[in-house]
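The values are calculated or read from the model by the stated rules, or taken from the named source; none is laboratory data. The model shown is predicted, which means the values in this text are computed figures rather than measured ones. Glycine gets a Cβ as well: all are built from the backbone with ideal geometry, and neighbour counts include every protein chain shown. In case anyone asks, the SASA skips ligands and DNA or RNA and just uses the protein heavy atoms, side chains included. Shrake-Rupley method; radii C 1.70, N 1.55, O 1.52, S 1.80 Å.
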Amino acid sequence: MAKVRGFKVRGTSTERIRASARAVRPILCPADQGFFDLGRFLERLELFGISYDIVPDGHLPPGVEASCLPELRRIDIAESTYMDICRNDPRARFTLIHELGHLILAHSRSFHRDVGPPTHELYEDSEWQADCFAAEFLMPIEVIKAKAMRTPWDLQIEFNVSYQAASYRLDNLMRRREL
């Protein structure tokens with residue numbers, strides 16, 4: 001079982017997250033079933049009132065490559081991550097779509113004093129939800145099924161994602177008995 005890593009948000013299911021990804025993908029990536037170019041994708045975000053800022057490395061907290069500010073409809077991207085996005089790096093692809101997931105899923109954080117580790121359920125975890133959105137958006141189940149993809153390498157080649165993301169996606173689909 002995965003650990004909670006983010007803050008508590010309104011709980012939702014994989015099915016609802018999948019529906020959100022399914023609804024948004026054709027709008028942001030028209031006619032693209034598998035791989036899509038991130039540069040063009042970023043330009044399309046601005047057509048929908050979603051902005052992004054490239055911030056100097058070190059401007060975001062340590063280990064953070066990008067950050068979403070849903071209230072401002074903005075994604076801050078570390079300069080090195082932006083350079084990776086321009087090269088369509090698999091990790092950068094997941095990072096960007098993960099941050100978009102926070103926005104699409106309407107995550108917002110109310111600040112309060114928590115003492116100790118998070119105690120919410122996984123389905124209420126902002127990071128789990130954004131990861132699930134990124135997996136659904138980048139690796140649509142319809143394409144996986146239609147092309148009978150069964151190995152992480154199949155997903156890596158088709159969707160330009162990392163081995164880790166592809167492996168996790170397949171494991172998750174098999175565990176849920178969707179493949």
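Of the residues in the range 23-40, at least one is open to solvent by 70 Å² or more (accessible area, probe 1.4 Å), among the hydrophobic types (A, V, I, L, M, F, W, C) and under 15 Å from the mean Cα position of the chain (by Cα). Evaluating PRO152 against the criteria (1) over 29 Å from GLU43 (Cα atoms); (2) out of contact with any Phe, Trp or Tyr (no Cβ under 8 Å at 6 or more places or on another chain) leaves one unmet condition, (2).
Screening LYS8 with (1) open to solvent by 50 Å² or more (accessible area, probe 1.4 Å); (2) closer than 20 Å to ARG93 by Cα; (3) in contact (Cβ under 8 Å) with a residue 24 or more places away in the chain; (4) not polar (S, T, N, Q) gives one miss only, at (2). When the range 41-80 is filtered for residues that are within 15 Å of the chain's Cα centre (by Cα) and among the acidic types (Asp, Glu), the ones remaining, listed by number, are GLU65, ASP76. Of the helices (runs of 4 or more DSSP H) lying entirely inside the range 123-176, those containing at least 1 residues that are polar (S, T, N, Q) and touching a residue at least 24 places away in the same chain (Cβ under 8 Å) are 126-138, 152-159, 163-175.
All of ARG176, ARG74, ARG91 fail the test of being touching a strand residue (DSSP E or B) at 6+ places or on another chain (Cβ under 6 Å) and open to solvent by 30 Å² or more (accessible area, probe 1.4 Å), apart from ARG74.
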